[in-house]
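The values are calculated or read from the model by the stated rules, or taken from the named source; none is laboratory data. Quick caveat, the model's predicted, so the values are computed rather than measured. Because the Cβ atoms are built from the backbone with ideal geometry, glycine has one as well, and the counts that use them run over all protein chains shown.
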Amino acid sequence: MPASTRPAIACLGAGRMGRGITVAFAYAGHDVAIVDFKPRDADTFAKLSSEALGDVRKILESLGRLNALTPDNIDTLMARVRVVPEAEAGAALSGAAVIFEGVPEVVDLKREALAKASQLAGPTPIIASTTSTILVDDISPAVAHPERFLNAHWLNPAHLVPLVELSPGEKTSPDVTAKLTAILESIGKVPVVCAARPGYIVPRIQALAMNEAARMVEEGVASAADIDKAIKYGFGFRFAVLGLLEFIDWGGGDILYYASRYLAGALNNDRYVAPDIIERNMKDGHIGLRTGQGFLDYASMDVDAYREARLNELAEQLKRMGLAKPPVLD
């Protein structure tokens with residue numbers, strides 16, 4: 001994308017999320033305005049601006065060590081970033097293609113900031129809240145022209161994690177979701193669209209996993225160090241290649257069903273009971289790879305080639321982790 005056609009970006013709020021998003025877009029060639037929405041005297045604003053820009057530079061320097069960027073390269077990237085005081089917010093917001101709101105996770109604060117920002121921006125820019133907890137339609141009424149508003153949940157650290165979870169509201173235009181998806185993909189992010197439900201996708205799954213890990217420490221199942229080692233080298237190792245639903249299909253939904261029944265009984269807790277969809281899939285013969293249909297459709301797929309490709313990806317994971325040992329031949 002030529003520099004002249006890269007849309008300008010505004011980040012509402014100079015906190016950690018705003019700075020991470022700034023790095024992601026500046027790195028990809030976009031001009032980014034970090035908009036401070038609080039009234040401050042000149043000295044206080046200068047301190048905030050220096051701190052925010054200093055943090056952005058540090059993040060870029062850390063990326064530079066990975067990608068062999070020179071100091072001149074980093075200066076080029078930094079020239080795309082500016083911190084804007086409240087008095088100049090209108091020009092920065094109205095000139096942006098996308099505004100990412102990142103004020104603290106308080107409903108009233110977000111409503112106030114979004115109402116003010118949407119009025120200053122005019123009707124054109126897409127506005128996306130980066131909230132990790134508040135549903136889109138709980139704050140969309142504050143936005144003028146709510147058809148251009150949705151949630152865009154970035155995972156920390158925002159400049160590194162590829163995933164962005166997009167959650168449109170009842171009034172969000174499908175064209176807006178598609179446009180933001182394309183912009184995010186153009187900078188190397190991987191957007192997914194999910195319904196407006198508490199916890200989105202990843203936070204909802206990881207909350208269960210984190211609580212279970214903590215519970216196992218509490219129960220004396222294993223040490224914290226060994227549980228984390230199991231997660232890194234077993235759980236995380238596989239799920240860096242296979243999605244959770246893909247993994248159900250890989251082994252078979254029937255295996256999950258019977259394992260869930262056993263765990264629910266042995267641990268005397270209904271949290272291990274499989275959802276109804278697992279039993280329905282079994283009754284319908286949608287067990288996974290073995291039947292050609294599970295959560296995913298394998299009917300037209302060369303299953304042997306698919307298995308081989310996934311196993312090769314797992315082998316590459318071993319290499320990256322330094323755990324691929326040569327065979328002993330003597």
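Here ASP226 does not qualify as in contact with a Phe, Trp or Tyr (Cβ under 9 Å, 6 or more places away or on another chain), assigned to a helix (DSSP H, G or I), acidic (Asp, Glu) and at pLDDT 95 or above. Based on what the data block shows, is ALA52 at pLDDT 90 or above and in a strand (DSSP E or B)? When the stated conditions are applied, ALA52 does not pass them.
Of everything in the range 174-222 that is basic (Lys, Arg) and under 24 Å from ILE134 (Cα atoms), the residue that is farthest from the chain's Cα centre (by Cα) is LYS179. Quick check: is even one residue across the range 232-241 touching a residue at least 24 places away in the same chain (Cβ under 8 Å) and of a type in the set (D, E, K, R)? Yes, there is a match, as at least one residue in the range 232-241 is touching a residue at least 24 places away in the same chain (Cβ under 8 Å) and of a type in the set (D, E, K, R).
One line per residue, one yes/no per condition, for (1) exposed (fewer than 13 other Cβ atoms within 10 Å of the Cβ); (2) farther than 21 Å from ALA128 by Cβ; (3) at pLDDT below 95; (4) touching a Cys at 6+ places or on another chain (Cβ under 9 Å):
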| residue | (1), (2), (3), (4) |
| --- | --- |
| CYS11 | no, no, no, no |
| ALA26 | no, no, no, no |
| PRO39 | yes, yes, yes, no |
| LYS47 | yes, yes, no, no |
| VAL56 | no, no, no, no |
| GLY64 | no, yes, yes, no |
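Cβ-Cβ distances below 6 Å connect the following pairs, each with a first residue in the range 113-130 that is of a type outside the set (A, V, I, L, M, F, W, C), a second residue that is assigned to a helix (DSSP H, G or I), and a separation of six or more residues or different chains: GLY122/SER94; THR130/MET17.
Can you pull out every residue in the range 277-320 that is over 18 Å from GLY251 (Cα atoms) and either outside any loop (DSSP other than H, G, I, E, B) or not assigned by TED's automatic domain parsing to the domain that holds PHE247 (or both)? Residues satisfying the conditions are ALA315, GLU316, GLN317, LEU318, LYS319, ARG320.
Note on the range 161-185: among residues that are of a type in the set (A, V, I, L, M, F, W, C) and in contact (Cβ under 8 Å) with a residue 12 or more places away in the chain, the one that is nearest to SER62 (Cα to Cα) is LEU163.
Could you tell me whether GLY251 is surrounded by fewer than 13 Cβ atoms within 10 Å (Cβ to Cβ) and more than 19 Å from the chain's Cα centre (by Cα)?
no
Given the options ALA91, ALA87, ALA96, name the one that is in a loop (DSSP other than H, G, I, E, B) and either in the same structural domain as GLY122 (by TED's automatic domain parsing) or polar (S, T, N, Q) (or both). Within the list ALA91, ALA87, ALA96, the selection yields ALA96. Is one or more of the residues making up the range 180-194 closer than 17 Å to SER140 by Cα, among the small types (Gly, Ala, Ser), out of contact with any Ser or Thr (no Cβ under 6 Å at 6 or more places or on another chain) and at pLDDT 95 or above? No - not one qualifying residue is present in the range 180-194. Please indicate, with yes or no, whether at least one residue in the range 79-88 is within 25 Å of the chain's Cα centre (by Cα), surrounded by 17 or more Cβ atoms within 10 Å (Cβ to Cβ) and aliphatic (A, V, I, L, M). Yes, some residue in the range 79-88 is within 25 Å of the chain's Cα centre (by Cα), surrounded by 17 or more Cβ atoms within 10 Å (Cβ to Cβ) and aliphatic (A, V, I, L, M).
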